[in-house]
1. Would you please put 125-137, 68-80 in order of how densely packed they are, using the mean number of other Cβ atoms within 10 angstrom per residue and starting with the highest?
2. Quickly work out the Thr87-to-Met138 label distance, labels modelled 7 Å from Cα along the C-beta direction, and quote it in nm with one decimal.
3. Which order do the peptides 147-155, 94-102 take when ranked by the mean count of other beta-carbon atoms within 10 Å per residue, highest first?
4. Once the stretch 73-141 is represented by equal point scatterers at the alpha-carbon sites, with solvent omitted, what log10 I(q)/I(0) does the Debye formula produce at q = 0.14 Å⁻¹?
Amino acid sequence: LCGWAGGIFEQTIAFREHGSVTGSGAGSVVSTKDGRGVVHAGAVVLATNSPINHNLLVHARQPADRSYVVGLKLDKGSVKRANWWSTHSPYHYVRVEEQADHDVLVVGGGDHPVGMRATQYQDVWGDLERWARPRWPMAQETLFRWSGVVYEPVDLLGLYGRNPMDATQTYIATGTAGRA
């Protein structure tokens, strides 16, 4: 990304964030539905959780897992800002998110393959809270719970480079599950 970001100063690269991309096509054209219209470029980098271009060669290498997160309220400054990862199975990841009048302990984990039957796992959000509260006893009420799907290659190496079997100047950066 540093090389790409350096191109901004030469006015050769433009980053588009916080928009809805509806697709990419021949000649490195990207369509959006955020009011900014169509972008024509010499090359396109699809830096996404899972590529939007429906290339089965990429999707087949990235099994889907569901990951869970709870947000626990903290008094401002009660926990130093940091990131933690456990090596347990199932593993946990924790970070502190600073807000205006309080902080949030973001606790995630409990990942399992998408499509598992509900009987094969229990209250994952409750498990995350029961794991976190003894370690961070200053954590207060639960502010949010959510889950999402993450994709990562079975060898855990992110996929970067030219989009396989694509004649256009389309590149991908995917499969990191947030580790890149």
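Read the figures in this text as sums done on the coordinates, not as results from a lab. Source: prediction; values computed, not measured. Every residue, glycine among them, receives a Cβ derived from its backbone with ideal geometry; neighbour counts consider all protein chains shown.
1. Values: 125-137: 14.8, 68-80: 16.6.
Per-residue mean Cβ counts within 10 Å order the peptides as 68-80, 125-137.
2. Spacing of the two 7 Å Cα→Cβ label points: 2.8 nm.
3. Working: 147-155: 14.8, 94-102: 12.9.
Output ranking for 147-155, 94-102: 147-155, 94-102.
4. Values, matching the q order: -0.47.
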